[in-house]
1. Just want to confirm a number: the relative contact order over the range 26-181, from Cα pairs under 8 angstrom separated by 6+ residues, in percent.
2. So for each of 121-131, 137-147 I average, over its residues, the number of other beta carbons within 10 Å; can you give me the resulting order with the highest mean first?
3. For the range 163-266, what is the relative contact order in percent, using Cα pairs closer than 8 Å and at least 6 residues apart in sequence?
4. Please state, to two decimals, what the Cα-based radius of gyration of the range 1-148 comes to when divided by 2.2 N^0.38 Å (N = residues).
5. Please state, to two decimals, what the Cα-based radius of gyration of the chain comes to when divided by 2.2 N^0.38 Å (N = residues).
6. Go ahead and estimate [θ] at 222 nm for the chain from helices alone: -39,500 (n - 2.57) per DSSP H run with n ≥ 4, summed, over the residue count, rounded to 500.
7. Just want to confirm a number: the relative contact order over the chain, from Cα pairs under 8 angstrom separated by 6+ residues, in percent.
8. Of LYS2/LYS39; LYS112/LYS228; LYS228/LYS250; LYS112/LYS250; LYS55/LYS94, which ones are farther than 23 Å apart at the Cα?
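Read-outs: derived from the displayed coordinates by stated rules, not from any lab. Being a predicted model, the structure only gives us computed values, none of them experimental. Note that each Cβ is placed from the backbone with ideal geometry, even for glycine, and that neighbours are counted across all protein chains shown.
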Amino acid sequence: MKFSLRQIEVFLALCHHQNMTRAASQLAMSQSAASSSLKELEQQFDAQLFDRIGKRLQINERGRLLQPSAEALMEQAQEVEALLAGKGANSLLKVGATLTIGNYLAVGIMAKMMQQNAGAEVSLSVANTSEITAKVLNFELDIGLIEGEIQHPDLEVIEWCDDQLVAFCAPHHPLAKTASLSEQQLINAPWILREQGSGTRQTFDRAMHGLLPQLHIAHELQHTEAIKRAVAANLGIGCLSKVTLQEAFKRGSLIPLTVKSRDFSRKFYFVLHRKKYRGVSIGQWIDLCRHANL
């Protein structure tokens with residue numbers, strides 16, 4: 001074999017960081033050792049894998065073609081190492097989740113996976129749909145759990161479960177006792193919503209098709225809890241996943257609003273890179289998600 005796993009490790013670290021210093025630091029190597037490793041790999045195959053732009057390394061077309069196979073090779077090598085060490089095939093599973101799923105569902109699933117599989121490790125990154133998707137595309141995450149609808153030729157998007165957005169207000173808001181909001185009331189109300197790029201906002205905008213230009217968007221906030229607090233303070237009305245609102249509705253600190261004329265249904269999805277090596281842990285994670293009590 002003309003290459004070493006260490007050379008592949010260096011190559012992948014550079015794919016993620018596009019900077020020799022940060023890649024070397026991740027691998028606990030000197031910068032010169034990492035640089036030599038990449039140079040040797042490229043020379044052995046007469047293949048330039050990165051374009052040099054000042055001090056920055058930008059992966060080129062040949063490097064992009066190599067990355068999926070290199071990622072799969074390293075994950076298989078890690079499974080072999082774990083088996084040889086008598087630890088089973090468990091390795092670190094890197095999960096990304098959008099804010100609603102990450103803050104309200106994924107932590108419980110992560111705990112169950114680690115309880116059921118001795119030695120299993122799961123890391124969880126929480127961000128909006130566009131950020132999670134970008135990380136899955138760059139192999140920074142093994143699997144994403146998203147709320148938004150996406151289309152990309154390199155991604156496989158698999159349905160997980162149904163969800164529903166719910167409009168809501170403070171108990172003392174003038175609309176709190178309204179049987180069903182009219183379109184004029186939807187237009188007149190100040191809205192406190194998630195930011196553009198989030199799955200929740202995507203669903204809201206789709207549901208409000210035809211009314212969007214007329215809506216009064218008072219505030220756009222990135223965090224669900226901040227929206228709930230702002231609505232509780234009577235700064236406007238909101239619209240979030242029912243998953244995030246169940247406890248507040250039980251306490252009576254927030255009140256659900258009925259909007260019969262609009263469809264707020266949506267789905268949660270798994271998203272994976274089509275060329276991603278799918279080890280045992282990814283299958284276990286998907287199975288736990290499907291059997292979770294949501």
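1. Numbers: 131 pairs, mean separation 24.7, N = 156.
Relative contact order, the range 26-181: 16 percent.
2. Details: 121-131: 18.0, 137-147: 22.6.
Per-residue mean Cβ counts within 10 Å order the peptides as 137-147, 121-131.
3. Working: 180 pairs, mean separation 52.9, N = 104.
Result for the range 163-266 is 51 percent.
4. Details: Rg = 17.2 Å, N = 148, 2.2 N^0.38 = 14.7 Å.
In units of the 2.2 N^0.38 Å rule of thumb, it is 1.17.
5. Working: Rg = 23.2 Å, N = 294, 2.2 N^0.38 = 19.1 Å.
For the chain, the normalised Cα radius of gyration is 1.22.
6. On the way: 11 runs with 122 residues, N = 294.
That comes out to -12500 deg cm²/dmol.
7. On the way: 486 pairs, mean separation 62.3, N = 294.
Averaging sequence separation for qualifying contacts and normalising by length gives 21 percent for the chain.
8. Numbers: LYS2/LYS39 13 Å; LYS112/LYS228 28 Å; LYS228/LYS250 14 Å; LYS112/LYS250 26 Å; LYS55/LYS94 29 Å.
Result: LYS112/LYS228; LYS112/LYS250; LYS55/LYS94 exceed 23 Å.
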